[in-house]
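J.: First the structure, which I've put down as structure tokens, then a few questions once you've had a look.
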Amino acid sequence: MADSEKALRASINRIADQLCQAVDGNYDFHVNASSDDLDIQKLSVLSNFVLESVRRNLTELEGVRHDLQQRVEDRTRQLDRIIKGANDGVWEWDLASNELTVSERWRTMSGCEHWPGTFDADAWLARMHPEDRGPFRTAVLQHTSGVSERFSAQYRLENGRGGFRWMVARGICDHDPASGEPRLMAGTQSDITEQKFVHSASGLANKDYLRLVLQHRLAPPDGPAPSLIVIRLSNLPLVRENLRSQEEGELGAAIRRRLETCMVPSDLVARLVDGTPAMLVHQTDAQELEQRACTVLQAFDEPVTLSRRSVWLTASIGIVQSHETVGRDADAMLQGAHTLLRHMRQRATGHITFFQRSMHNEHARRLESEQLLRDALAQLWVEPFLQPLVDTVRGTITGFEALCRIRHPETGLVSPGEFIPVAEETGLIHPLSLQLLDQILPLLSDSRMTERYGNAFYISFNLSPVQLQDPHMGEEILERLRHSGVSPERLNIELTETAVMGDANTAIEIMERFATAGFAISLDDFGAGYSSLGLIRSLPLQQVKIDRSLVSSVDTDDEKRAILNMILSLCEQLDLTAVVEGVETETELACLAGMGAQLVQGFLFSRPLPPETLLDQVPPRGLLSAAGS
């Protein structure tokens, strides 16, 4: 080999040795040929040119990389802000390994603060409400199989404190490019409990959430059963009527805060359908529950301060224990709470009342009675029964008291005690009375009645305390009288003493309108209520009906005889007709006749009868002799 060739190879090897640094990623050097050979020098210059170009490109790439990294970091921070602002949790589900990786926020909102960041996805489903797991799996399958473009599912998730939070998960699936199989799902979890479970004005959980938690806590058949403390604020509707909309919101929040001061961590305060607050507690012992109820009552011993005023709320407490309800389930307890509330409305405020199963039975009977009453009104099952009023001097019938009866086509007659209280409570007493009146008025002009009992007999018609407060009732009765052609004097309006005393001023005003229209007015059951003899002097009356309680055993009770004598004497002085009700024995009749009682009424002469039976069985005169025979 020539020396020139050896020198060339040596120069090339030196250049190659220097370029080896580039293999290790080092481009920050200068190739030195150290040769007089022109070609070697060209190779050296070319190598340095390439190195310079590489260095320049690397610098530019580093700038691009840094810019991209900055953009990624900015975008990541932006996404973090968006997610934090949305208050959502982030999850990533490896479908192959079934591992779920979640953010800290996801763990916090799910009540899993102490869980690791990655865990088996089955644990996620295990915390869901059993009713929601199936729909969740279906939504996953529909998305991973391509049926749905995006994944979305709503579900209730245990919150770790015996309750639930309502969540919605949204996400998207990544498929393997080669096989097309789903390999990864990722997305967010949002807490929508406020929209689903919270009443916006009061901030209390709604009835749906209360039912859910109740059912969850009642699920273990051998586990401890919770109790419900129901807080009835009796004057709350009236207070709300006098508040501005802003103050109503303040009041709802103030009530919630008051109740929260009585809570322990496991308690839940929720809102029943009618706005009544209810507290779900873990205690079952009656004494412990009563102590908790006292604490709640004490929370309302001070007025609630609003922005513009302070208001007092009047509280009563009801307690529902699960063992008293019909069945161990949430609906039974909630039904018990509503039944108890209805029962509490009839009691004074400030009391603590325990639910008893008998209340449910009573409510069921009341509901049955209401349905019967509505059917009776719709099907015209209402009919009058008449009981005669007998003149003790002449022995003749002067009139009748009309009593309302319902005749069911299958079960027969229904006692008025089963439907009259319900009619008054529901407001159905008004159509009931008018339907009864529509059947009474034709009897006053019925030819068979007038032939048997004459043209002057009257029929007494009872008005309840509820009707006495209705300013339109008198006009409706008059309108029916005008259509019937019957004179108002033939219809005697009976009002109870208790009804009149309930609101004496209003009652007197309405009674005066009745009297002006020509009606005769009777005060019924006198002596059973307030027993104020001065009352009959202030009322526009024509008749006083003395209650059965003063008649029973009058022949042997000196005190009753003295009271009856006084009433009969007063009626005579005031030119009022006295009717003694409830006469059942001959000795009572003889005693009353001896005291000067002119009109009597009772089973001794006749029970209340349908008009047809009355015409057949009750003669117009001779009842006194029949009673004494």
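The values are calculated or read from the model by the stated rules, or taken from the named source; none is laboratory data. Values in this document were obtained by computation on a predicted structure and should not be read as measured data. Don't worry about glycine lacking a Cβ; one is built from the backbone with ideal geometry, like all the others, and counts go over all protein chains shown.
J.: Picking from 309, 292, which residue would you name as being loosely packed, with under 14 Cβ neighbours inside 10 Å, assigned by TED's automatic domain parsing to the domain that holds residue 237 and not aromatic (Phe, Trp, Tyr)?
T.: Only one candidate passes the filter, namely 309.
J.: Restricting to the range 17-64, what's the tally of residues that are closer than 25 Å to residue 7 by Cα and assigned to a loop (DSSP other than H, G, I, E, B)?
T.: The qualifying residues number 9.
J.: Now a separate question. Give me a count of the residues in the range 499-509 that are over 12 Å from residue 463 (Cα atoms) and touching a helix residue (DSSP H, G or I) at 6+ places or on another chain (Cβ under 9 Å).
T.: Qualifying residue count, the range 499-509: 6.
J.: Here is a further query. Of all residues in the range 489-525, how many are surrounded by 16 or more Cβ atoms within 10 Å (Cβ to Cβ) and of a type in the set (S, T, N, Q)?
T.: Counting residues in the range 489-525 that are surrounded by 16 or more Cβ atoms within 10 Å (Cβ to Cβ) and of a type in the set (S, T, N, Q) gives 3.
J.: Which condition number in (1) surrounded by fewer than 16 Cβ atoms within 10 Å (Cβ to Cβ); (2) touching a residue at least 40 places away in the same chain (Cβ under 8 Å); (3) not polar (S, T, N, Q) is the one that residue 237 fails?
T.: (2)
Matching residues to (1) small (Gly, Ala, Ser); (2) modelled with pLDDT under 90:
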position: 518; (1), (2): yes, yes
position: 566; (1), (2): no, yes
position: 593; (1), (2): yes, yes
position: 617; (1), (2): no, no
position: 624; (1), (2): no, yes
position: 627; (1), (2): yes, yes
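J.: Only one of 422, 414, 486 is β-branched (Val, Ile, Thr), in contact with a His (Cβ under 9 Å, 6 or more places away or on another chain) and surrounded by 16 or more Cβ atoms within 10 Å (Cβ to Cβ). Can you tell me which?
T.: Criteria check complete, one pass: 414.
J.: Scan the range 370-406 for residues that are surrounded by 16 or more Cβ atoms within 10 Å (Cβ to Cβ) and under 22 Å from the mean Cα position of the chain (by Cα) and report the count.
T.: Counting residues in the range 370-406 that are surrounded by 16 or more Cβ atoms within 10 Å (Cβ to Cβ) and under 22 Å from the mean Cα position of the chain (by Cα) gives 1.
J.: Here's another thing I want to ask about it. Tell me the residue from 390, 466 that is of a type in the set (A, V, I, L, M) and either closer than 30 Å to residue 363 by Cα or not assigned by TED's automatic domain parsing to the domain that holds residue 541 (or both), please.
T.: Only one candidate passes the filter, namely 466.
J.: While we're looking at this one, here's another question. Just give me the residues in the range 313-329 being more than 19 Å from residue 343 (Cα to Cα) and either at pLDDT 90 or above or surrounded by 13 or more Cβ atoms within 10 Å (Cβ to Cβ) (or both), in sequence order.
T.: Hits for the range 313-329 are 313, 328, 329.
J.: Within the range 267-289, how many residues are in contact (Cβ under 8 Å) with a residue 12 or more places away in the chain, more than 21 Å from residue 349 (Cβ to Cβ) and surrounded by fewer than 14 Cβ atoms within 10 Å (Cβ to Cβ)?
T.: The total comes to 2.
J.: Ok, one more. Condition first: touching a residue at least 40 places away in the same chain (Cβ under 8 Å) and assigned to a loop (DSSP other than H, G, I, E, B). Now tell me which residues in the range 365-419 satisfy that.
T.: Once the filter is applied, which keeps residues that are touching a residue at least 40 places away in the same chain (Cβ under 8 Å) and assigned to a loop (DSSP other than H, G, I, E, B), the range 365-419 yields 380, 392, 393, 394, 395.
J.: How many residues does the range 558-598 hold that are closer than 23 Å to residue 496 by Cα and either in a helix (DSSP H, G or I) or within 52 Å of the chain's Cα centre (by Cα) (or both)?
T.: Selection size over the range 558-598: 24.
J.: Filter the range 415-428 for residues that are of a type outside the set (D, E, K, R) and under 10 Å from residue 373 (Cα atoms) and give the result.
T.: Of everything in the range 415-428, those that are of a type outside the set (D, E, K, R) and under 10 Å from residue 373 (Cα atoms) turn out to be 419, 420, 422, 423, 428.
J.: May I ask you to list the residues in the range 599-625 that are out of contact with any Ser or Thr (no Cβ under 8 Å at 6 or more places or on another chain) and either assigned to a helix (DSSP H, G or I) or among the polar types (S, T, N, Q) (or both)?
T.: Of everything in the range 599-625, those that are out of contact with any Ser or Thr (no Cβ under 8 Å at 6 or more places or on another chain) and either assigned to a helix (DSSP H, G or I) or among the polar types (S, T, N, Q) (or both) turn out to be 601, 606, 611, 612, 613, 615, 616, 625.
J.: Would the range 351-367 turn up any residue that is modelled with pLDDT of 85 or more, farther than 25 Å from residue 417 by Cα, out of contact with any Pro (no Cβ under 9 Å at 6 or more places or on another chain) and among the polar types (S, T, N, Q)?
T.: Scanning the range 351-367, I find at least one residue that is modelled with pLDDT of 85 or more, farther than 25 Å from residue 417 by Cα, out of contact with any Pro (no Cβ under 9 Å at 6 or more places or on another chain) and among the polar types (S, T, N, Q), so the answer is yes.
J.: If a residue must be surrounded by fewer than 21 Cβ atoms within 10 Å (Cβ to Cβ) and closer than 25 Å to residue 255 by Cβ, how many such residues does the range 345-368 contain?
T.: 10
J.: Consider residue 101 carefully, then state whether it is more than 17 Å from residue 193 (Cα to Cα) and of a type in the set (Ser, Thr, Tyr).
T.: The answer is yes for residue 101.
J.: Right, another one. Only one of these conditions is not met by residue 273: (1) under 26 Å from residue 212 (Cβ atoms); (2) in a helix (DSSP H, G or I); (3) among the hydrophobic types (A, V, I, L, M, F, W, C); (4) at pLDDT below 90. Which number is it?
T.: So residue 273 meets the others, but not (2).
J.: Mind checking which pairs have a first residue in the range 421-434 that is free of Cβ contacts under 8 Å to residues at least 60 places away in the same chain and a second that is hydroxyl-bearing (Ser, Thr, Tyr) and crowded, with 16+ Cβ neighbours inside 10 Å, Cβ under 7 Å, 6 or more apart or different chains?
T.: 422/369; 424/464; 429/464
J.: Right, here's the next one. Which of the residues that make up the range 582-595 are of a type in the set (Asp, Glu) and without any contact (Cβ under 8 Å) to a residue 40 or more places away in the chain?
T.: 584, 588
J.: Hey, another quick one. Taking the options 489, 479, 475, name whichever one is of a type in the set (D, E, K, R), in contact with a strand residue (DSSP E or B) (Cβ under 8 Å, 6 or more places away or on another chain) and either part of a helix (DSSP H, G or I) or in contact (Cβ under 8 Å) with a residue 40 or more places away in the chain (or both).
T.: Of the residues listed, the single one that is of a type in the set (D, E, K, R), in contact with a strand residue (DSSP E or B) (Cβ under 8 Å, 6 or more places away or on another chain) and either part of a helix (DSSP H, G or I) or in contact (Cβ under 8 Å) with a residue 40 or more places away in the chain (or both) is 489.
J.: Can you find, within the range 240-268, the residue that is modelled with the lowest pLDDT among those that are farther than 30 Å from residue 356 by Cβ and hydrophobic (A, V, I, L, M, F, W, C)?
T.: Looking at the filtered set, the residue picked out is 243.
J.: Moving on. Kindly check whether there is at least one residue in the range 463-476 that is modelled with pLDDT of 90 or more and surrounded by 15 or more Cβ atoms within 10 Å (Cβ to Cβ).
T.: No; the residues of the range 463-476 include none that is modelled with pLDDT of 90 or more and surrounded by 15 or more Cβ atoms within 10 Å (Cβ to Cβ).
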